[in-house]
1. May I ask you to list pairs of residues, at least six apart or on different chains, whose Cβ atoms are under 7 Å apart, with the first in the stretch 31-48 being under 25 Å from Tyr84 (Cβ atoms) and in contact (Cβ under 8 Å) with a residue 12 or more places away in the chain and the second being basic (Lys, Arg) and open to solvent by 40 Å² or more (accessible area, probe 1.4 Å)?
2. Would you point out the residue of the stretch 24-38, among those that are open to solvent by 20 Å² or more (accessible area, probe 1.4 Å) and under 10 Å from the mean Cα position of the chain (by Cα), that is farthest from Tyr75 (Cα to Cα)?
3. Taking the stretch 49-68 only, how many residues are free of Cβ contacts under 8 Å to residues at least 12 places away in the same chain and either open to solvent by less than 60 Å² (accessible area, probe 1.4 Å) or touching a strand residue (DSSP E or B) at 6+ places or on another chain (Cβ under 6 Å) (or both)?
4. Going by the conditions given, is Ile64 β-branched (Val, Ile, Thr) and touching a Lys or Arg at 6+ places or on another chain (Cβ under 7 Å)?
5. Which residue is farthest from Asp78 (Cα to Cα), if the candidates are limited to the stretch 43-59 and must be among the basic types (Lys, Arg) and in contact with an Asp or Glu (Cβ under 9 Å, 6 or more places away or on another chain)?
6. Within the stretch 20-35, does at least one residue satisfy the condition of being within 19 Å of Asn96 (Cβ to Cβ), in a strand (DSSP E or B) and among the hydroxyl-bearing types (Ser, Thr, Tyr)?
7. Against the definition (among the acidic types (Asp, Glu), at negative phi and buried (at least 16 other Cβ atoms within 10 Å of the Cβ)), how does Asp78 come out, yes or no?
8. Hey, Pro85 hits all of (1) outside any strand (DSSP E or B); (2) touching a Phe, Trp or Tyr at 6+ places or on another chain (Cβ under 8 Å); (3) closer than 12 Å to Ala31 by Cα; (4) of a type outside the set (Ser, Thr, Tyr) but one; which does it fall short on?
Amino acid sequence: MSQFYFFADEVADIYRLFGDRTRLIMAKKMAQDDWTVSDFVHLFGISQPLVSQHIKKLKDANLIKEQRQGKRILYRLDHTAQFYPLVLKIIEPVKNGELDHVMA
C-alpha cells in the first residue's frame, strides 16, 4: 500500500472519530483547557464509564495527553499530535456558546 493511501486511511479514521457529537465537543473543550472525567460527566450528564470510553478512543488516536494531579487525571488536546492541525480545523466550527447547552 502506498504512503498516500495509508495517510488517507488515517485522515478518514480521524473524521470518523469526530463523527460523534460527544467526542467533538470534548475535543473543543480540551483544546481550550484541562478537563477531568468528572468534568465531562457533569457537562454531558452521562456515566463515568461512557466518558472514559470516549477518552480512551481519543487517547488511542494519540490526540490527547494526560497529567496526573493527585488522584485526578487532567486531559488536554495534545498540540504535538500528528493530526492536531486537522483536529483544530474539525472542531473550529463548533460554537463555544453551544457548549454551555450540550444537552439542550
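1. Asp34/Arg76; Thr36/Arg72
2. So in the stretch 24-38, the residues open to solvent by 20 Å² or more (accessible area, probe 1.4 Å) come out as 24, 28-29, 31-35, 37-38.
If we keep only those that are under 10 Å from the mean Cα position of the chain (by Cα) too, we end up with 24, 28-29, 31.
Working: Leu24: 15, Lys28: 12, Lys29: 10, Ala31: 10 Å.
Only one residue fits best here, namely Leu24.
3. 1
4. On the way: β-branched (Val, Ile, Thr): yes; touching a Lys or Arg at 6+ places or on another chain (Cβ under 7 Å): yes.
Here the answer is yes, as Ile64 does meet what is asked.
5. Lys57
6. no
7. Numbers: among the acidic types (Asp, Glu): yes; at negative phi: yes; buried (at least 16 other Cβ atoms within 10 Å of the Cβ): yes.
Yes.
8. If we test Pro85 against (1) outside any strand (DSSP E or B); (2) touching a Phe, Trp or Tyr at 6+ places or on another chain (Cβ under 8 Å); (3) closer than 12 Å to Ala31 by Cα; (4) of a type outside the set (Ser, Thr, Tyr), just (2) comes out false.
The values are calculated or read from the model by the stated rules, or taken from the named source; none is laboratory data. If you're wondering where the values come from, they're calculated on a predicted model, not measured in any experiment. Every residue, glycine among them, receives a Cβ derived from its backbone with ideal geometry; neighbour counts consider all protein chains shown. Side chains included, ligands, DNA and RNA excluded: accessible areas come from the protein's heavy atoms. Shrake-Rupley method; radii C 1.70, N 1.55, O 1.52, S 1.80 Å.
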